[in-house]
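*Asks:* To start, I am sharing the structure in question, which I have written as structure tokens.
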Amino acid sequence: MMNSQLKLAVPQVLQIMIMAGGEKTDKIAKTLFISVYTYYKHRQNLIKKPERSNTANLTRFAVDNQIVSE
């Protein structure tokens, strides 16, 4: 897993896994015990980290790097 090379924290990996599962924004925020606004900010930061332009590309990146499975 390339997680350590990307320096993703466990909560970030968890968020990617939930996002990749196709859950809605409000459900993801509730699952992570954060506000929807905080979720959006975290998502923006995740997209910047591996230099992906949107959530779909971030999800594809997660699959390609075995953070989540197809």
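*Asks:* Quick one: helix 55-64 against the long Cα principal axis of the chain, what's the angle to the nearest 10°, folded into 0 to 90?
*Replies:* So the helix axis and the longest Cα principal axis differ by about 40 degrees.
*Asks:* Let me ask something else about it. Taking the chain on its own, what percent of its Cα-Cα pair distances exceed 13 Å?
*Replies:* So the pairs more than 13 Å apart make up 60 percent of the total in the chain.
*Asks:* Separate question: Which lysines does K7 reach when only Cα atoms under 24 Å apart count, and residues fewer than 8 places away in its own chain are ignored?
*Replies:* The qualifying lysines are K41, K48, K49.
*Asks:* Hey, what number do you get for the chain at 222 nm if only DSSP H runs of n ≥ 4 count, each worth -39500 (n - 2.57), divided across all residues, to the nearest 500?
*Replies:* That calculation yields -18000 deg cm²/dmol at 222 nm.
*Asks:* Please tell me the relative contact order of the stretch 17-70 in percent, rounded to the nearest whole number, where contacts are Cα pairs under 8 Å and at least six residues apart.
*Replies:* Contact order relative to length: 29 percent.
*Asks:* I would also like to ask the following. Any idea how far apart A9 and V63 come out in nm if each label point goes 7 Å out from Cα toward Cβ?
*Replies:* Once both label points are built, they end up 2.8 nm from each other.
Only the coordinates and a few stated rules stand behind these numbers; no lab work does. Remember, predicted model here, so these are calculated numbers, not experimental data. Positions of Cβ are generated from backbone atoms using ideal geometry, with glycine treated the same way; all protein chains shown enter the neighbour counts.
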